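Inspection log for the structure reproduced underneath, given as structure tokens.
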Amino acid sequence: MNKKTKNGFTLIEILISILLILITFLLVYRVYFTVQNNISEVEKEIKNNEILLNFLYSFKSEIEGIFNTENLNLDKKEIVFTSFIQNIDFPVEITYTVKNSEEGETLIRTQKNILSGYTYSFPVLTCESIYFEFFQEENWNDVFEKDKVVKGIAIEINYPDKKIFFPVNLNIEKKEEKEDEKK
């Protein structure tokens, strides 16, 4: 009885092991690039949210810096006001205008130096739609009525996947009362 000892692998065993290694590498490759794409999308969303939050913070401080209602011009798609803003010792006229663009609507900010007349503009953000609303007589309206006192200004920003309503309280009455008390 002569038994042969087996000292190696058959061709089928080698092919099956190569196939299993290849499938494993393909799965690892696919998972790696899926994770990379997800990370890129998350980073982009974080950057967009950072830009949006910085804008909303600036918008709030500019609206809170409004010191009189004489130059206040408010509309659903454009607001114009005179304000004191951070790091500037003189008032500036600020205009936010909503313009139609290929991607939806773009908010343009224009700042005019009242003393020198120097003006510059830049796009702030682009999204599906942008509206301004005004708080008058305990209601938010998209139409500003000049004969009524405005107590707040809000911006509504609509993206395909989210809607942002950002109200800012106007303290013009309180500021005017303080000025009257000083006199």
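Taken together, the values in this text are just the output of simple stated rules run on the coordinates, not laboratory data. Keep in mind that this is a model prediction, so the values were computed, not measured. Positions of Cβ are generated from backbone atoms using ideal geometry, with glycine treated the same way; all protein chains shown enter the neighbour counts.
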Next item on the list: Report which label in (i) 71, 41, 24; (ii) 48, 41, 33; (iii) 123, 35, 34 holds the value of Cα extents along the principal axes in Å derived from the coordinates of this structure.
Entry: (iii)
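Hey, with R₀ at 41 Å, roughly what FRET efficiency would Asn49 and Phe9 work out to, going by the Cβ-Cβ distance, to 0.05? Let's see the in-between values first.
Working: r = 56 Å, r/R0 = 1.36.
E(calc), rounded to 0.05, equals 0.15.
Report the full-extension gain for the segment Val42 to Thr110: residue separation times 0.36 nm, less the Cα-Cα distance, to one decimal in nm. Mind showing how you got there, number by number?
On the way: separation 68, 0.36 × 68 = 24.48 nm, distance 3.10 nm.
The span from Val42 to Thr110 would gain 21.4 nm if fully extended.
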Next item on the list: Return the single residue from Glu156, Glu103, Glu64 with maximal mean-square fluctuation; model: Gaussian network over the chain, springs between Cα atoms under 10 Å.
Entry: Glu103
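Measure up Lys112/Lys146; Lys44/Lys99; Lys76/Lys99; Lys44/Lys163; Lys76/Lys146; Lys76/Lys163 against 20 Å on the Cα-Cα distance and list the ones that go over.
Details: Lys112/Lys146 23 Å; Lys44/Lys99 24 Å; Lys76/Lys99 12 Å; Lys44/Lys163 18 Å; Lys76/Lys146 14 Å; Lys76/Lys163 17 Å.
Pairs exceeding the cut-off: Lys112/Lys146; Lys44/Lys99.
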Next item on the list: Mind pulling the angle between the C-alpha long axis of helix 172-182 and the longest principal axis of the chain? Nearest 10 degrees, somewhere in 0 to 90.
Entry: 40 degrees
Notebook entry, point to check: Calculated FRET efficiency, Ile85 and Glu128, Cβ-Cβ r, R0 25 Å, to nearest 0.05?
Noted result: 0.35
Notebook entry, point to check: Among Asp89, Asp142, Asp75, whose mean-square fluctuation peaks in a Gaussian network model of the chain (Cα, cutoff 10 Å)?
Noted result: Asp89
Margin query: Angle check, please: helix 11-64 long axis (alpha carbons) against the longest principal axis of the chain (alpha carbons), in degrees 0 to 90, nearest 10.
Written below: 10 degrees
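Given the rule -39500 (n - 2.57) for each run of at least 4 DSSP H residues, summed and divided by the residues of the chain, what is its mean residue ellipticity at 222 nm, to the nearest 500 deg cm²/dmol? Walk me through the numbers before you get to the answer.
Details: 2 runs with 65 residues, N = 183.
Result for the chain: -13000 deg cm²/dmol, rounded to the nearest 500.
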